[in-house]
Structures are given as C-alpha cells and as structure tokens.
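Okay, so here's the structure we're looking at.
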Amino acid sequence: MVIFWVSVLALSILLYVLLDGFDLGVGVLFGLTRDEHRRRAMMGSVAPVWDGNETWLVVAGVVLWGAFPVVYASLFSALYLPLLLMLAGLILRGVAFEFRGKTRRLRWVWDAAFSGGSLVAAFMQGMMVGALVEGLPISHGEYSGGEFGWLSPFAVICGVGLSLGYTLLGACWLIRKCDAEVRASAYRLIPYLSLALLVFLIVVFVYALSEDLQVMRRWLERPYLFAFPLVAAAAAIVLAASIRRRRDGPPFYMGALVFAAAFGTFAITFWPYMIPFSITVDQAAAPHTSLAFMFWGEGLFVFPLMLIYTAITYRVFRGKVQSTSHH
Amino acid sequence: MNITALLLSRLQFAFTISFHIIFPSFTIGLAAWLTVLEALHLRTGRQVYRAVFEFWLKIFGVAFGLGVVSGIVMGFQFGTNWSVLARMSGPIQGPLLSYETFTAFYLEASFFGILLFGRSRVPPWFYLFSTAMVALGTTLSAFWIMVNNSWMQAPVGYVIQNGMFVSNDWLKILFSPVLWVRFPHMLLASYITGAFCVAATGAWYALRGVFSAEARVMLRMGLYLAAVLVPTQIFFGHMTGDYVHDYQPVKFAAIEGRWHDEQPASEVLLAIPDSASETNKYAISVPVLGSLIGSMSLHSKEVGMTDFPRADRPPVAIPFFAFRVMVGCGIAMLLLAWVGSYLSRKGRVEQSRLLLWLTFLSFPLPFIATLTGWFTAEVGRQPWTVYGLLRTADAVTPFLTARTVLISLIVYCAVYTFIFAFGIFYIYRLLRAGPAGSLVVHPAEATPRRPMSIVDEPRVTSAGEVPTAVHPLIRVQ
C-alpha cells in the first residue's frame, strides 16, 4: 500500500514537472518577445492543456496529504513564503489565458501577469527543490528553520536552474507545436539555454563538493546512481543532434527524458527519505486504513482513468498550432 | 486585540474560503438547472430552452473557472497555516479531500468537454447524460467537502493513535447523520442560488423589455423552482438546527442568544448579546417558542451558554447575527418566490414592475444566506477546529510569525480582488449582452479545461446581438 501511494505521488509529481514545466517555460519565453503574432502562437500552443497540467499539482498535493500527512504538514508549513509566491504566480498566469483575449487596452497587464507569473512559479519551485536537497532544518518532525530557513545561495541557484530547465523544455515544445518565426527563434535559443544549464550543473556540483553536502556521500554508497546522469547525457546528445538537423519531433522528448532522469536521480538518491535525512517514507505514511480507503476507490479506478484522460487530451490537440492572418 | 499569527491565519482562511464558496454555490445549482433545461429541450423540442441553455453555459464557464482558481489555494492552506490540524487529522481529512479532487476532476473534465464540443458529435440523449454528469461532478465535489466539514463539526468513526485521528470506520464517517442533513442543506442552497440568479436575470430583461421569450422562461422556471425549493430548504435548515442542538449545545445557545438555562425556554428574535454581562440588551423574545424550536415541546429545558466555561464558548455576536441574517434572507426569498409564482400562474408577472424590480434586486440574497449560514456553522464551532478534540489555537502552525501571515494575507487579498473584479465584470457583460444569437460556435482552442475561453470578446452590436466569439488567429489542426 505504501509503495503504491509513493508511486502514485512520484508519478503525479513527475507528470506535473514535465507537463507544467513546458508550459511555464513557454510563459517565460513569452516575455522575451513583443510581437503579437508570436505571442498568440505561443499562448495557443499551451492554451488547451495548461489547466490539465496544473491539475497534477493539486493531485500531488492531496495525495501527499492523504497518504503522507506528516510530510504535507511539515513541508508546506516550512515553505510558507515560497509556496505563497508560487501560488500567486500560478493564479495570475492562469487567469491571463482567459482574460487576455477579453481586453485590448489592458492586454499588457495580462501579458505581464502571464510571463511574470510563470517565471516566479518556476523560480520558486526550483528554490524549494534546492532547499530540500540541502536539507531543511527539522527537529522532532517539526520544521525549526524560521521564516527564511529555506533561503540559501544554493536554493537560489536551483531556482535559476529550474527556470532555465523549464525554459528549455518550453523551447522544445514550441519547436514541436509552432512554425515560422516562433520555431526559428526557439531553435536559436536552445543552444544558449543548454549551455546555461550545463554551467548550472557544474556550479551545483562544485557547490555540493565544497559544502560537503550529505547528498554526495549517498552517491559514493550507491554507484548505480550514475546510470541516471548517463541516460541524461545520452538524451542531451540526441537533443543536440536533432537541433542541428532541425528535426522538430525529438527535442521535446529528449528534454523530457533529461528531466525524468534528474527526477529519478533525486528519488533514488534520497530513498527512503521523503524529507531528506529527517523523515522517511514509512515514518510519513498514513495508517493502513487511510491508504486502503484511498486505494479501493480513487487509486484503483479513478487514477488510471485520469492518466487515460490526459493521454486523450494530448492526442486530440496533437500537431502544429497554425497562425493565420490578422483580423 | 493582539495581532497574532493565529488571528491573521483565521482571517486569511475566512477571506479565501468565503471568496471561494461564492462560485461553487452558484455553479452547483447552475449545473443542475442546465440538466433540467436540456431535458426540457429534448422532451418539448422548443428552441427557447436551447437558447437559454447555451446562454447559461457561458456564464457557467466563467464562474466555474473562478471557482477552480480560488479552490487551489484552499488545498495548500491546511498545510501552510494549520500544520497541526493537517498532521493530526490528515489520515481522515486527507483521503476525503483527495476523493474530492479525484472524482470531481474526472467527471467535470471529461464531460464538460462534450458540453462544449459534442453537440453535433454525440446523440442527444448522450449530450443530456453529459450535462447530468457535469452536475454530478459538481455535486460530488460538494459531497466530499461536506463529509470533511461534517466530520470536523461532529467527529465520528475515529480513534486517536500516536497523536493522530485515525478512522476505524469509514462507513460511519460517510453515513454520519449530521452529514446527511447538512449535505442536502448545502445542495439546496446552491439550487436556490441558481434559481434566484436565473429569475433575477429574467426579471432584468423583462424590465428592459428585451429577449422576452427567454426572459419568460427564466423568470417562470426560476420562481417556480424557488417556490418549491425554499420551503424544502427551511425544513432542512430546521433539521440542521436539530443536529446543532444535540451535538453542539453551546453553539445552539449562542445562535439562540440564550445565556441561562430556561424551562420552558423563550425564543430571542432580536437583541444585542453582551458577553461581558452575559445578558441580552434590547431583547425582543417570544415565550415558550424556544422550547418548541429546540425540542418540539412546550416544557423542555434548554441550556444556556453560562453552563459552559467561557473558554469553550464561541464569540456570540457572529453566529447570533449571521443566523438571523440567513433566516431573514430565507423568509424574504420565500415570500418573493410564492408571490411571484402566484402572479406567474395568473399570467400577471410581467405586468407587475414592482415584483420584477424586487426579483431583479433579489439575486444577492441567496449568496448572503449561504455565506452567513457558513459563518454561523464555522464561527459557532469555535473555539474548536475539530469539535471537542482540537482547539483552533492549537491547530495553527506553531512557528508561524504574524509578519509572515500578514504578507500572505495581503498578497491573497490583492490577487483575489484583482482577478475577481475582472471575472465579475465579464460575467456582468455576458449577462448584459443576453442570450440573443448565442448558439455558440466554439473557438478551436476552447477546451474542457479552459471553460472561460468560449466567451472571449463578446461584442455587443447596436441591435443587442452578440456575434459569436471566434479567435481569429489561432487554430489547432
């Protein structure tokens, strides 16, 4: 039962990162252009799916509460301010999809809300991951780090890193979904984004070495973990090759594979800890009656339906978004 | 009063949940009403039902979207501000709320898509079925929320293990008698909200002399529905009062404004309760009626608040006045619905401008009644979060500082005010434009998960006609 719910949680988070990752990235890229044509094409490429993508965050949140209440309680209260800013960002960018089309004079407000909200949400998520990796101060199952206990140079670096990563994913998505100028500029951007991401990885590595983070010891104990970076490296090579050959399909999948590898790295590195080095999966798991109650309804029946539904949505909206002339 | 993290967290929760409940209480009723309309359209084949359906489907889309957006915050707030509650009652409340997300997500998302795109692609009976499924989705969402809240009001089926509430009997939780009076009470509140909004819109058009066929349908159906629903609601309201009487005697005493035991008890109609002196000022009361309402008897003894230590009493003024505002709205709606239905049957409703004006102006009443009803229930539960088990003061995240919560409260207030001002303005614009020409051609990028996109840029021409909104630039192949 515990393993089932850990898997559902992990899958929900991974789906969230991959799916909302690219649409937050598109939001960041949206801020880089002023051209109305391109902006509409960019927004159109994620408009049919963004809401479904964000639902995975809510799913992960309620599964966390139901199946691992201790983690839900200590993590969310510890990350109070970053969560607040993330939610504010998500709300503003979310309604921008709807309200932008309803006004002309105030369109700039919603444009700013869309790109700004996306960037803030991405940055905050990266920061929270960074704070987790570095280790949140927790004593007796209760967060003890104070108002800004999550804030550190490492967390900030991770915030920048995830924003870059999402933007890369967003650019790969635009290549897949758009044509003309949007596609061309995404192709031009990707090498720079990849380079920046590589620099980020080196910085993180050096930082982790110099600070002697506990994470590093796990790697020496579990050498099979090196398989994940190898997968990521292979995916990065294919990504680079398909960018050179201007092939629209593969980059997004390769970008997603890099993210999945990174996610797998985290999950296996920290296993069995849910909050690194203080709360384990078994300590956090809700009593059997709760897990079983969830399993026999939503777990067994509704969850597979939700996966199928997501797949169908993407199938329906496959193919390129086309921009036609102005009216 | 000391500005503490506790006080600010309570304010923040009250603010965000009050803002949120406005939209679901409207859409749950509206979804049910859309189902009725579609069934009527199928049965009678009359085009006017179809036109009214399409019109309200657009409004449903915007209100539904606002409800979803404001609901996301709720799921996080238990963890951020109420971590002790989240940890202790997580094994019970967590699974209940996860059911809410899972069941509502699936039904609403899949079938709302068919409502938007499926008219020409599915057989009519299946379209009706889809409408009913969307209504079922919103209803299920309300159901799980009510299971959760009713458990907090009257905890059943639990044991305490390692400082957590753990269920030993889920069936007891799902079939709690408290739940099965409160859930219908909330559902009826939503239906009445829908009915009055529809009737008020009809009255508005009738006053302006536009869309007379649609206005007629809206006005009549709204008023007739309300004429049946409001008395039923008053009955369930009384049943809800019974559970409070039995399970939460101090809340009941606060609502009644009863400080001392009385036998037989009088009923305080109006007064200003004063907790310092533990008396009512300027009280207007009816003898014996209190016993009759409380226990259906002419002789029963009814308990007063002074039977309980001060630390266990709710702040009297809020439940006392909120309850009276709710009941007042209920009575006003009952009169309006009955008089309006009577005039409708006589065929004179369109001639009575006074009644049209009153109906038009009545649309805030169900919202006020729903909000004050919740104020009564939630503030009346104080000082407990989980009644009798966990105090609100002990449920708050222990290390939270007032400054942190002040920041979040300001951010939420600003963001909500900003987006809801726009949202309500767009709903107003849609209502104003009316149902003419509203057989919607859906823009290609409108999706089940993007309900609001079907109403982009409604432009009103001088004839009051709304050209259908099609995004000129983006098309998905």
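The values are calculated or read from the model by the stated rules, or taken from the named source; none is laboratory data. Bear in mind that the values here come from a model prediction, so they are computed numbers and not experimental data. Glycine gets a Cβ as well: all are built from the backbone with ideal geometry, and neighbour counts include every protein chain shown.
In the range B:213-228, what residues are of a type outside the set (Val, Ile, Thr), surrounded by fewer than 23 Cβ atoms within 10 Å (Cβ to Cβ) and touching a Leu at 6+ places or on another chain (Cβ under 9 Å)?
Hits for the range B:213-228 are B:Met221, B:Ala227.
Only one of (1) within 14 Å of chain B (Cβ to nearest Cβ); (2) without any contact (Cβ under 8 Å) to a residue 12 or more places away in the chain; (3) touching a Leu at 6+ places or on another chain (Cβ under 8 Å) fails for A:Ile275. Which number is that?
Going through (1) within 14 Å of chain B (Cβ to nearest Cβ); (2) without any contact (Cβ under 8 Å) to a residue 12 or more places away in the chain; (3) touching a Leu at 6+ places or on another chain (Cβ under 8 Å) one by one, A:Ile275 breaks only (2).
A quick yes/no check of all residues on (1) part of a helix (DSSP H, G or I); (2) away from chain A (no Cβ under 12 Å); (3) at pLDDT below 50:
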residue: B:Pro435; (1), (2), (3): no, yes, no
residue: B:Thr447; (1), (2), (3): no, no, yes
residue: B:Ser453; (1), (2), (3): yes, no, no
residue: B:Arg459; (1), (2), (3): no, no, yes
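Going residue by residue through the range B:140-148, is there one that turns out to be in contact (Cβ under 8 Å) with a residue 40 or more places away in the chain, in contact with a Ser or Thr (Cβ under 7 Å, 6 or more places away or on another chain), over 20 Å from A:Ile312 (Cα atoms) and polar (S, T, N, Q)?
no
Being within 11 Å of chain A (Cβ to nearest Cβ) and within 23 Å of B:Gln382 (Cβ to Cβ) is the filter here, so list the residues in the range B:152-188 that pass it. Break it down into steps so the answer makes sense when it comes.
Within the range B:152-188, the subset within 11 Å of chain A (Cβ to nearest Cβ) is B:157-159, B:161-171, B:173-174.
Answer for the range B:152-188, where residues must be within 11 Å of chain A (Cβ to nearest Cβ) and within 23 Å of B:Gln382 (Cβ to Cβ): B:Tyr158, B:Gly163, B:Met164, B:Phe165, B:Ile173.
Any residue that is surrounded by fewer than 21 Cβ atoms within 10 Å (Cβ to Cβ), of a type in the set (S, T, N, Q) and assigned to a helix (DSSP H, G or I) - is there at least one of those in the range A:283-299?
Within the range A:283-299, one or more residues are surrounded by fewer than 21 Cβ atoms within 10 Å (Cβ to Cβ), of a type in the set (S, T, N, Q) and assigned to a helix (DSSP H, G or I).
Write out, first by first residue and then by second, each pair whose Cβ atoms fall under 7 Å of each other, whose residues are 6+ apart or on separate chains, and whose first residue, in the range B:239-258, is closer than 15 Å to B:Ile318 by Cβ and in contact (Cβ under 8 Å) with a residue 40 or more places away in the chain while the second is of a type in the set (Ser, Thr, Tyr) and assigned to a helix (DSSP H, G or I).
Taking only residues 6 or more apart or on different chains, the pairs are B:Ile255/B:Thr376.
So, in the range A:13-54, how many residues would count as being aliphatic (A, V, I, L, M) and in contact with a strand residue (DSSP E or B) (Cβ under 7 Å, 6 or more places away or on another chain)? Walk me through how you get there before you give the answer.
Filtering the range A:13-54 for residues aliphatic (A, V, I, L, M) gives A:13-15, A:17-19, A:24, A:26, A:28-29, A:32, A:41-43, A:46-47, A:49.
Those left that are additionally in contact with a strand residue (DSSP E or B) (Cβ under 7 Å, 6 or more places away or on another chain): A:41.
Residues in the range A:13-54 being aliphatic (A, V, I, L, M) and in contact with a strand residue (DSSP E or B) (Cβ under 7 Å, 6 or more places away or on another chain): 1 in total.
Read through the list (1) more than 10 Å from chain B (Cβ to nearest Cβ); (2) surrounded by fewer than 22 Cβ atoms within 10 Å (Cβ to Cβ), then give the number of the only condition that A:Leu81 fails.
(1)
Could you tell me whether any residue of the range A:101-113 is part of a helix (DSSP H, G or I), at pLDDT below 90, in contact with a Leu (Cβ under 7 Å, 6 or more places away or on another chain) and more than 9 Å from every other protein chain (Cβ to nearest Cβ)?
no
Please indicate, with yes or no, whether at least one residue in the range A:120-140 is over 17 Å from A:Asp20 (Cα atoms), within 20 Å of the chain's Cα centre (by Cα) and among the charged types (D, E, K, R).
yes
Restricting the search to the range A:131-147, which residues are modelled with pLDDT of 85 or more and in contact with a strand residue (DSSP E or B) (Cβ under 8 Å, 6 or more places away or on another chain)?
Once the filter is applied, which keeps residues that are modelled with pLDDT of 85 or more and in contact with a strand residue (DSSP E or B) (Cβ under 8 Å, 6 or more places away or on another chain), the range A:131-147 yields only A:Leu132.
Need the failing condition index for A:Trp56 against (1) facing another protein chain (nearest Cβ under 7 Å); (2) within 30 Å of B:Ser141 (Cβ to Cβ), just the number.
(1)
Collect the residues in the range B:335-365 that are of a type in the set (Ser, Thr, Tyr) and more than 26 Å from B:Phe26 (Cα to Cα), keeping them in residue-number order. Give the derivation first.
Narrowing the range B:335-365 to residues of a type in the set (Ser, Thr, Tyr): B:341-342, B:344, B:352, B:359, B:362.
Of everything in the range B:335-365, just one residue is of a type in the set (Ser, Thr, Tyr) and more than 26 Å from B:Phe26 (Cα to Cα), namely B:Ser352.
Look at the range B:387-420 and say how many of its residues are within 22 Å of the chain's Cα centre (by Cα) and either at the interface with another protein chain (Cβ under 7 Å from one of its Cβ atoms) or modelled with pLDDT of 95 or more (or both).
Residues flagged as within 22 Å of the chain's Cα centre (by Cα) and either at the interface with another protein chain (Cβ under 7 Å from one of its Cβ atoms) or modelled with pLDDT of 95 or more (or both) within the range B:387-420 amount to 2.
Of all residues in the range B:87-108, which are within 7 Å of chain A (Cβ to nearest Cβ) and more than 24 Å from the chain's Cα centre (by Cα)?
B:Arg87, B:Gly90, B:Pro91
Of all residues in the range A:16-37, which are more than 11 Å from chain B (Cβ to nearest Cβ) and either surrounded by fewer than 21 Cβ atoms within 10 Å (Cβ to Cβ) or of a type in the set (D, E, K, R) (or both)? Give the steps one after another, and end with the answer.
First pass over the range A:16-37, keeping only residues more than 11 Å from chain B (Cβ to nearest Cβ): A:16-35.
The answer is A:Tyr16, A:Leu18, A:Asp20, A:Asp23, A:Gly31, A:Leu32, A:Thr33, A:Arg34, A:Asp35.
Go through the range A:129-147 and give me each residue that's surrounded by fewer than 22 Cβ atoms within 10 Å (Cβ to Cβ), not in a loop (DSSP other than H, G, I, E, B) and not β-branched (Val, Ile, Thr). Before the answer, list the steps.
From the range A:129-147, those surrounded by fewer than 22 Cβ atoms within 10 Å (Cβ to Cβ) are A:129, A:132-135, A:137-142, A:144-147; that's our starting set.
Add one more test, that the residue is not in a loop (DSSP other than H, G, I, E, B), and what stays is A:129, A:132-134, A:138-139, A:142.
Passing the criteria: A:Leu132, A:Glu134, A:Ser139, A:Glu142.
In the range B:333-342, is there at least one residue being over 28 Å from B:Val198 (Cα atoms), of a type in the set (Val, Ile, Thr) and either more than 30 Å from the chain's Cα centre (by Cα) or surrounded by fewer than 19 Cβ atoms within 10 Å (Cβ to Cβ) (or both)? It would help to see each step written out before you state the result.
Taking the range B:333-342 and keeping what is over 28 Å from B:Val198 (Cα atoms), we get none.
For the range B:333-342, residues over 28 Å from B:Val198 (Cα atoms), of a type in the set (Val, Ile, Thr) and either more than 30 Å from the chain's Cα centre (by Cα) or surrounded by fewer than 19 Cβ atoms within 10 Å (Cβ to Cβ) (or both): absent.
Just wondering, is there one or more residues in the range B:351-361 that are of a type outside the set (Asp, Glu), assigned to a helix (DSSP H, G or I), without any contact (Cβ under 8 Å) to a residue 12 or more places away in the chain and within 21 Å of B:Phe19 (Cα to Cα)? Lay out the reasoning, then the answer.
Within the range B:351-361, the first condition is being of a type outside the set (Asp, Glu), and the residues that meet it are B:351-361.
Among the residues that remain, those that are also assigned to a helix (DSSP H, G or I) are: B:353-361.
Pick out the ones that are also without any contact (Cβ under 8 Å) to a residue 12 or more places away in the chain and you get B:354.
If we keep only those that are within 21 Å of B:Phe19 (Cα to Cα) too, we end up with none.
No, that holds for no residue.
Please verify whether A:Ile308 is loosely packed, with under 13 Cβ neighbours inside 10 Å, closer than 28 Å to A:Val133 by Cβ and at pLDDT 85 or above, treating the condition exactly as stated. Before you say what the answer is, go through the steps one by one.
Details: loosely packed, with under 13 Cβ neighbours inside 10 Å: yes; closer than 28 Å to A:Val133 by Cβ: no; at pLDDT 85 or above: yes.
Spelling it out, it is not the case that A:Ile308 is loosely packed, with under 13 Cβ neighbours inside 10 Å, closer than 28 Å to A:Val133 by Cβ and at pLDDT 85 or above.
Would a scan of the range B:21-28 turn up a residue that is part of a helix (DSSP H, G or I), among the small types (Gly, Ala, Ser) and surrounded by 21 or more Cβ atoms within 10 Å (Cβ to Cβ)?
Checking the range B:21-28: at least one residue is part of a helix (DSSP H, G or I), among the small types (Gly, Ala, Ser) and surrounded by 21 or more Cβ atoms within 10 Å (Cβ to Cβ).
What is the residue count in the range A:88-100 for residues that are at the interface with chain B (Cβ under 10 Å from one of its Cβ atoms) and in contact (Cβ under 8 Å) with a residue 24 or more places away in the chain?
Within the range A:88-100, the first condition is being at the interface with chain B (Cβ under 10 Å from one of its Cβ atoms), and the residues that meet it are A:88-92, A:94-100.
Of the ones still in play, those that are also in contact (Cβ under 8 Å) with a residue 24 or more places away in the chain are A:88-92, A:94, A:97, A:100.
Looking only at that region, the number is 8.
When residues of the range A:1-27 are filtered for being under 18 Å from the mean Cα position of the chain (by Cα) and either assigned to a loop (DSSP other than H, G, I, E, B) or under 15 Å from A:Gly94 (Cβ atoms) (or both), how many remain?
Final tally of qualifying residues: 7.
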